[in-house]
Structure formats: structure tokens, C-alpha cells
């Protein structure tokens, strides 16, 4: 199986060495490249479980939120990454916009413009500045909730591959002695938090 970068972000394709954009080369050349210029790469796959928050009814408007939120995810397997907060909100808005007007968002360029516009609006509105008031997080048995509340992050990212959001590397190109180099096949998942403007802090 080979990955062709036909989408907008193509982060999985980048991470597997297939690049971030399709060059529209002849099929015969593509098949030759698959046969002779590739190597087998393994990919971890993760299952996501969602459970109702039994305490949400004590929050103002919690009952209304429970009625609006799905009780289960449409997909429970994650290959690339998933997030909570501002990033997830922008992705959901884009999904709804494209579903409502597919003819308006039918190219990589248009999609990136739409993503950028939605992200800029969210950046100025700071819609998720209070995210830390509603979540707790534990990594490798360590409770990191106090860190989330201290720095007031707008997004928590659970990451399985090298690239994110169309080719960026959330924690930069260098790795410190504190963490192992990220890998898509090491049985581990990276957890990072994002400030407004997508500055990341990696925790696990």
C-alpha cells in the first residue's frame, strides 16, 4: 500500500516519505517508484474511547451541552493525531463549511485559505481561553492538570506521526535529552499543548 498526497495537509504522506503534494506524474512512473524506491514503514494505530462526563450536569448549561454532544465518535481509530480545543474547533468548522458548500472548497489552495481564515478568527476571539477549566490530563501516570491551568493552553494535541497541520512539526526540528525522538511506530503517542499561534509545549 502506498500513500498519494491528494489531500490538503497530507501529513501522513509526508511522514511516510511520499511528500506533501502530488506531482501528477504518469501512473507508470509512480508504479516504478513504488516498486523500486520505497521501504516498508510501520504505523501505530490508536483506539479512542469517549465516555460521558457525569459531572457536566453541574456546570451551567451542562444539560444542554449533553443533548448537543454525540455520545460516541463516528470513528474510533486514530492514525495521525487528534486534538481538544481550538484546533479541533477550527477543523470541525471547516468540515461543516465544506459539507455545506463542496463546490466552494474543491482545491488545496481554497481549503488552505478557508482553514487560515477560520484559524485567524478563532485566534482573535480566543474562544478556547478557558479550556483548562474543563479538563484534566494524565500522562504516564503523572497528573499534568496543574500545568494546563498554569499556562492556559488553547489546545491539547495527541500526536502519532512526525508532521502536523500541513507539514509543521509542533515541537520543532530539534529534540532534547528529556524526550525520545518522535516515531510513528514506537508504540508511544506524543502529547503536546498549543498556545495561540501554534507554539507547542511537549509533555510526553
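Values as computed for the structure displayed
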read-out	value
Ranked packing of 19-27, 3-11, 78-86, most packed first, by mean Cβ within 10 Å	78-86, 3-11, 19-27
Tensor-based shape of segment 89-176 (alpha-carbon gyration tensor, a/c under 1.5 rounded, otherwise prolate or oblate)	prolate
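Values in this text are rule-based calculations from the coordinates and carry no lab data. Quick caveat: nothing in here was measured; it's all calculated off a predicted structure. Cβ atoms come from the backbone with ideal geometry, glycine included; neighbour counts cover every protein chain shown.
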